[in-house]
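Report on the following structure.
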Amino acid sequence: MTTDPLSKLPMFATDDEIAIAIVGKARASNWKRGALLILEARGFPKVDALHGGRPVPLVRKWYNQYLGVDRSYVQTTQEGGKENPEAWRPKRLRRNDRKPQTGLDARSQKILLYMVGHPDCQTHVEIPEAGAFGMDRLAEKGVVAPAGRDESGGQKWKVTDLGLEEAKRIEFWHYGKSDGPR
């Protein structure tokens, strides 16, 4: 049985000594320049200023946890993994979940986004490029619904829940935003 290279070190060892014990003399300088910074960010024991080195027992304990030495190898390899059926769906299908789904043309999408961004604008007169025909088309798709009449007798419209969801999908699909309409 081989001896643990860390057991040959003093209780507080320099980075050079630890590097040689862990990866060998040939790769020690590369380990100190690259891996040591990454490992410190993950909780690798710090240098003790009073003793001028890192505590070797803590280094050993850290590596045992990092490598999973404390657990039985057979036990960890035989544990049943969690299934992820989403991983089997083609990327194209997963992407289509975020795609606009109501089939609105570009003009209708623009009108819907304007209505969501300006909830105080409720008639086709107040919404740029939205005629009565455009509003009827949005109503057919279920993204807006009638909301009564204004003082002059014109139809008022409100965005439905489906319209809000569709606006979020449009924003994400075309503009990469997931925080709602702009």
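Of the conditions (1) touching a Lys or Arg at 6+ places or on another chain (Cβ under 7 Å); (2) loosely packed, with under 13 Cβ neighbours inside 10 Å, P128 fails just one. Which one is it?
(1)
Can you pull out the residues in the range 137-160 that are modelled with pLDDT of 90 or more and of a type in the set (D, E)?
If the condition is that a residue be modelled with pLDDT of 90 or more and of a type in the set (D, E), then E140 is the only one that fits.
Can you name every residue in the range 96-109 that is outside any helix (DSSP H, G or I) and either surrounded by fewer than 17 Cβ atoms within 10 Å (Cβ to Cβ) or out of contact with any Phe, Trp or Tyr (no Cβ under 9 Å at 6 or more places or on another chain) (or both)?
Listed by number, the residues that qualify are D97, R98, K99, Q101, T102, G103, L104, D105.
Please state which of the following conditions L112 fails to meet, knowing it meets all the rest: (1) outside any helix (DSSP H, G or I); (2) within 22 Å of G176 (Cβ to Cβ); (3) modelled with pLDDT of 90 or more.
(1)
The values are calculated or read from the model by the stated rules, or taken from the named source; none is laboratory data. Quantities reported herein were computed from a predicted structural model and do not represent experimental measurements. Cβ coordinates were reconstructed from backbone atoms using ideal geometry, including for glycine residues, and neighbour counts include every protein chain displayed.
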